[in-house]
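Input: a single structure, listed below in structure tokens.
The values are calculated or read from the model by the stated rules, or taken from the named source; none is laboratory data. Note that the coordinates shown come from a computational prediction; the quantities given were computed from them, not determined experimentally. With ideal geometry, Cβ positions are generated from the backbone for all residues, glycine too; neighbour counts draw on all protein chains shown.
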Amino acid sequence: MQPETKLSTAASNSAQVSEKPVRRQPVGLVFCCTILGAAAQVLMKTGANHITQPGVLGMATNLPLMAGYCLYGLSTLLLVLALRDGELSLLYPVIALTYVWVTVLSFAIFHDEMNPWKIVGIVLIVAGVTVLGKGGKR
Amino acid sequence: MLLVLLASFIGSFGAVFLKSGAEPVRQGLKYLFLSQRAPFFNWRLACGVGLFLLSSYFFVLGIRPPGELSVLYPMVSLGYIFTLLWARIFFGEPLTRVKFYGLFLIVLGVIFVGLGSK
């Protein structure tokens, strides 16, 4: 009796595996999504600093700005893929990592000031995402 | 300030639509580009993206001077709390203690980053 049940569980396991050959890591996908989103925001800021002519035409011919929008689209795509396999309540807060990258990047690239408030904020966000990531794996 | 609150509220609904539209995306990226029922026909995904765009429009309106990021960022992080509620209501996702702790830390962190961005 026992071996048979074991066999059937193994069979159902392999069926599950063949259904989903690649185990996706939703939290990892959202992680990539936040990096892309931060890069998009930096590009948009760069574009906004170099606006030559006002209006829609000026925006459409602004290369960094458009590249930023494209990256935003890409990061939304990743978010959809992540949401397909993961829980919304777990994944959505992870997007806050974007704040971390943007704060660090704007310090490095635009020489925005770094202060204790920001550092504490970054540490708290990273801690929160770590908690969610660990809880998500289980 | 109300504009940003509205933006985060709309954005949280955007996430709900993305989640509900993500279900049929089974074949992976192939679905998004090659399928007969491409995302143009997936009205849920389209709504999600549309709501995100709307949300970013209100957000930009909200952060124009005299809007201060230190006040506005906490409003945005309220969006995460909204989303937690919608996930519970619409998808029946369990609200675990881990999620509360994680969310609490993140909201606090966003508030601090906002305070530092004066």
(request) Those residues that are out of contact with any helix residue (DSSP H, G or I) (no Cβ under 7 Å at 6 or more places or on another chain) and of a type in the set (Val, Ile, Thr), I need them from the stretch A:65-96; list them, please. (result) none
(request) Please find, within the stretch A:105-121, the residue that is nearest to the chain's Cα centre (by Cα) out of those that are more than 7 Å from every other protein chain (Cβ to nearest Cβ) and in a helix (DSSP H, G or I). (result) A:Leu105
(message) For a quick check of your reading of the model, give me the residue pairs whose first member lies in the stretch A:78-104 and is touching a residue at least 12 places away in the same chain (Cβ under 8 Å) and within 7 Å of another protein chain (Cβ to nearest Cβ), whose second is surrounded by fewer than 21 Cβ atoms within 10 Å (Cβ to Cβ) and charged (D, E, K, R), with beta-carbon atoms closer than 6 Å and at least 6 apart or on different chains.
(response) A:Glu87/B:Glu93
(request) From (1) closer than 29 Å to A:Lys118 by Cβ; (2) under 17 Å from the mean Cα position of the chain (by Cα); (3) modelled with pLDDT of 85 or more; (4) buried (at least 16 other Cβ atoms within 10 Å of the Cβ), pick out the condition that doesn't hold for B:Phe58. (result) (3)
(request) Name the single residue, out of those in the stretch B:69-92 being within 10 Å of the chain's Cα centre (by Cα) and among the small types (Gly, Ala, Ser), that is farthest from B:Phe104 (Cα to Cα). (result) B:Gly79
